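Since the structure comes first, as structure tokens, the remarks are kept for the end.
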Amino acid sequence: MMAAEGIAHVDVDIARRLLGGVRLRLSPVCGGRNSRVYRVDSSGDGIFALKRYLPLENDGRDRLGVETSALRWMASHGLDMVPRVMAVDVETGSVLLSWMGGSRPNELRPGDVDQVIEFLRVLERLRRTAPLRGARLASEACLSGKELERQIRKRLSDLAALDDEPALRTFLREEFIGVFEIFLDRARRVLLSSELSFEAELRPENQSLVPSDFGFHNALRDDLGRLAFVDFEDFFRSRYWTVFAIETRSWVVTRRPERCLAWRPRPAHSGTVCRSALAWRSRRASRSVTAESS
């Protein structure tokens, strides 16, 4: 067994056990607060990826279970642009995956966007025809108007408690809260007039599967230009109208269920925020409220 400098022997032992005791070498690929990923070169069996999920304080999510379930579900339906689950060690929070070669697509092409669109289209189709059994709810899924209101009020309370942000507290108190209450009342009235409930949660068939950390930062492009997608430990059920936003250096891709994605250049001055159609509609409605109030 061989390990690159800085790799714990326990990681080598885990990889060796998952591969059945063959000789191997580990090389670090990436690592952060959530997980560590290694390239595993084995004698005779090829190349694999070892992913170890690090324990996080106050995080009760089964990230290993979520990702392996999602990958197995996609593999069972023939999606070959994601890793295959080769072996799992629940005790150590580790999974051995097939190796997805390639490099991160730092300079994006229209063909990259087309592949993202097709992948998300397939996920949406499978959600309807062969749903992922046991898919967990996202931690803040917002499946009802009441839950959305609760989350917004909780954030307002947290922000109002910041002692070193007087300008923010003034903005929230004098500008935001009033507009928020107007929209909240309007939402209740619109739902009531449509015989819909503000309190009732969306039914499962109206929820969507959301790969929350999906984007080009978790994609690899091979020599033929084909993209592979990795990191599905945040793969949950959430509201049906969730908008996926993929940020890149020069492109923005947005998705709404049942509609084709669209890609457009991101202006250099737009910062790091990808504004969705929902945000645009909110700004438009806000201008209408201002006009009605004047």
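Tell me yes or no: at least one residue of segment 149-156 is surrounded by fewer than 16 Cβ atoms within 10 Å (Cβ to Cβ), basic (Lys, Arg) and not assigned by TED's automatic domain parsing to the domain that holds ARG169. Among the residues of segment 149-156, not one is surrounded by fewer than 16 Cβ atoms within 10 Å (Cβ to Cβ), basic (Lys, Arg) and not assigned by TED's automatic domain parsing to the domain that holds ARG169, which makes the answer no. Condition (residue is at pLDDT below 90, closer than 30 Å to LEU196 by Cα and out of contact with any Lys or Arg (no Cβ under 7 Å at 6 or more places or on another chain)) applied to segment 100-119: is it met by at least one residue? No, segment 100-119 has no match at all.
Quickly run through segment 29-43 and pick out the residues that are farther than 18 Å from VAL88 by Cβ and at pLDDT below 85. Give the steps one after another, and end with the answer.
To start, the set of residues in segment 29-43 that are farther than 18 Å from VAL88 by Cβ comprises 29-33, 39, 41, 43.
Correct list: CYS30, GLY31, GLY32, ARG33, SER43.
Just give me the residues in segment 56-79 being assigned to a loop (DSSP other than H, G, I, E, B) and either surrounded by 19 or more Cβ atoms within 10 Å (Cβ to Cβ) or under 19 Å from the mean Cα position of the chain (by Cα) (or both), in sequence order.
Residues of segment 56-79 that are assigned to a loop (DSSP other than H, G, I, E, B), as a first pass: 56-62, 77-79.
Passing the criteria: LEU56, ASP59, GLY60, ARG61, ASP62, LEU79.
Considering only residues that are of a type outside the set (A, V, I, L, M) and modelled with pLDDT under 75, which ones fall in segment 134-153? Scanning segment 134-153 gives GLY134, ARG136, SER139, GLU140.
Can you name the residue in segment 223-242 that is crowded, with 16+ Cβ neighbours inside 10 Å and among the acidic types (Asp, Glu) and, of all such residues, is modelled with the lowest pLDDT? Top of the filtered list is ASP234. Looking at segment 178-222 only, could you name the residues that are surrounded by 15 or more Cβ atoms within 10 Å (Cβ to Cβ) and among the acidic types (Asp, Glu)? Within segment 178-222, GLU201 is the sole residue that qualifies. Among the residues of this structure, LEU261 counts as one that is surrounded by fewer than 18 Cβ atoms within 10 Å (Cβ to Cβ), at pLDDT below 50 and closer than 29 Å to ARG84 by Cα. The residues of segment 176-197 that are without any contact (Cβ under 8 Å) to a residue 24 or more places away in the chain and not in a helix (DSSP H, G or I), listed by number, are SER194, GLU195, LEU196.
The selection criterion, being closer than 30 Å to ARG226 by Cβ and at pLDDT 85 or above, does not hold for PHE171.
In segment 153-175, which residues are in a loop (DSSP other than H, G, I, E, B) and either more than 26 Å from CYS142 (Cα to Cα) or touching a Cys at 6+ places or on another chain (Cβ under 8 Å) (or both)?
In the first step, residues of segment 153-175 are kept if they are in a loop (DSSP other than H, G, I, E, B); the result is 161-165.
Within segment 153-175, ASP163, ASP164, GLU165 meet the criteria.
The values are calculated or read from the model by the stated rules, or taken from the named source; none is laboratory data. Computed from a predicted structure; not experimentally measured. FYI the Cβ positions are ideal-geometry reconstructions off the backbone, even for glycines, and counts take in every protein chain you see.
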